[in-house]
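S.K.: Structure incoming, see below.
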Amino acid sequence: MYLLGEQPAYADRLINRLQGIPAQLLDGLAPSGDPIELGNTSDIAAQLPEQQVFLVQRGLLHARVDERPLFYLREGDLLGLRQGIELPTCHYCSDEPITLIPYTRRAVFEHIHADEQRQELFTQYLIGHTALLSDALARLKQPEIRPTTGFQYFAEGEELIRQGDEADNVFIIIEGHAEAIVDGQKVGDVQRDEIFGAMAVFTQEKRSASVIASTACTVMVIPKDQFLGLMQNNPRIAHSLIESMARRIDLLNKEVTQLRLPMTA
């Protein structure tokens with residue numbers, strides 16, 4: 001997906017990263033039929049079968065919502081994820097020939113959720129697109145009414161999260177690296193693409209740790225209500241995130257156990 005108009009550099013970098021995810025999600029899954037070749041069209045949905053997801057192999061699709069141009073899809077994008085969602089109709093049109101690779105929609109989701117790595121990639125794909133659209137909206141609004149959704153930048157040593165603060169947002173590091181600190185002691189690392197800050201959002205408690213940039217960081221910021229809505233509407237994504245948290249807690253428990261062994265000895 002690419003938004004209309006001039007893009008800031010961080011949005012271009014994120015778009016380029018998201019562009020490669022669909023091919024990874026579909027790796028190992030056979031198409032449901034031969035490639036579909038279409039000429040220029042004002043409404044591509046009318047020419048495509050339902051309950052299918054399509055990988056754009058060639059061409060450019062312009063997306064219009066309420067007849068307003070919003071974004072376009074290009075090679076490597078997925079078409080058909082919006083089916084069954086009660087949102088304003090999104091019409092796709094094209095002024096050039098299009099080649100689409102068809103996949104059965106149900107098979108696609110079963111394939112994604114059969115593998116933890118694909119689940120994580122799909123989460124990144126959905127949240128990444130949400131953040132891009134939110135950031136575009138923020139830049140269109142006047143400064144005094146801009147929402148907080150979007151991207152923030154932190155220099156080395158700056159706090160991304162402060163222990164004891166209210167949990168209003170969930171974060172993903174787009175570039176850089178950070179450390180989790182509790183009462184002045186390092187308890188873990190936060191890597192690129194890792195979702196963090198969600199635990200306090202779920203428990204509705206204050207931040208249990210500080211997160212400090214160990215290098216310069218670009219961070220995707222997702223408001224609490226928006227993040228909880230995504231989890232509610234996509235239970236499998238919530239399940240994937242919970243599994244990721246469980247693995248992180250298990251790793252922390254093992255580290256604590258290793259620290260206690262010398263004391264016991």
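S.K.: What FRET efficiency do you get for D43 and L70 if R0 is 22 Å and r is their Cβ-Cβ distance, rounded to the nearest 0.05?
M.R.: Rounded to the nearest 0.05, the efficiency is 0.90.
S.K.: While we're on this one: Can you tell me the accessible area per residue over the range 173-222, all protein chains present, probe 1.4 angstrom, in square angstrom?
M.R.: 46 Å²
S.K.: Go ahead and run the numbers for FRET between E166 and A216, Cβ-Cβ distance against an R0 of 25 Å, rounding to 0.05.
M.R.: The value I calculate is 0.45.
The values are calculated or read from the model by the stated rules, or taken from the named source; none is laboratory data. What you see is a predicted model; the values in this text were computed from it and never measured. With ideal geometry, Cβ positions are generated from the backbone for all residues, glycine too; neighbour counts draw on all protein chains shown. Please note that ligands, DNA and RNA were not included when accessible areas were found on the heavy atoms of the full protein model with its side chains. Shrake-Rupley method; radii C 1.70, N 1.55, O 1.52, S 1.80 Å.
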